[in-house]
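Everything on this sheet refers to the single structure shown next.
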């Protein structure tokens with residue numbers, strides 16, 4: 001387990017964003033079938049709902065390989081995804097050639113990526129992380145009618161697997177303004 005300061009060490013996030021974040025510990029079943037405690041950096045305003053989501057996933061014994069703040073990967077989203085690490089906050093731009101901030105930056109949205117190697121982002125013929133293949137029947141996969149999708153959608157989150165231009169199977173997002 002790490003501290004909040006360690007979880008944010010090296011982040012380029014604006015101070016006003018950092019003030020609105022917290023480190024949340026959640027229990028989950030690993031791919032090894034054992035109970036583990038993971039940590040997510042999330043907006044304070046969304047923390048209760050995110051805790052409820054992970055408690056429900058735990059009750060349904062949903063396998064999540066690991067949940068480690070992305071600072072442990074030196075803020076490298078590709079390294080985190082390749083390690084099948086579930087994460088939330090990562091202050092970064094979208095990899096689309098623009099300077100638009102990612103929903104993971106917690107400016108207008110909160111976003112969570114679940115088992116990203118199992119649930120890659122597919123853009124055309126390219127998968128991110130590289131070498132990952134989406135198989136809805138795989139352990140920890142997110143798919144239509146599945147528990148993971150149902151739990152997030154019941155709370156009003158949008159699934160990236162239904163985006164129009166890409167299939168971001170790992171990704172869930174919700175507007176920060178929708179939290180009270």
- [ ] Filter segment 160-180 down to residues that are free of Cβ contacts under 8 Å to residues at least 40 places away in the same chain, out of contact with any strand residue (DSSP E or B) (no Cβ under 6 Å at 6 or more places or on another chain) and not in a loop (DSSP other than H, G, I, E, B), then give me how many there are.
- [x] 2
TODO: Within segment 129-145, identify whether any single residue is farther than 21 Å from residue 79 by Cβ, touching a strand residue (DSSP E or B) at 6+ places or on another chain (Cβ under 6 Å) and either touching a residue at least 60 places away in the same chain (Cβ under 8 Å) or not in a loop (DSSP other than H, G, I, E, B) (or both), and answer yes or no.
DONE: yes
Task: Among the residues listed as 131, 119, 90, the single one being touching a helix residue (DSSP H, G or I) at 6+ places or on another chain (Cβ under 9 Å), farther than 23 Å from residue 154 by Cβ and crowded, with 21+ Cβ neighbours inside 10 Å - done: 90
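We did not get these values from a lab; they are worked out from the coordinates using the rules stated. Keep in mind that what you see is a predicted model, and the values were worked out from it rather than measured. Using ideal geometry, Cβ is built from the backbone for each residue, glycine included, and neighbour counts are taken over all protein chains shown.
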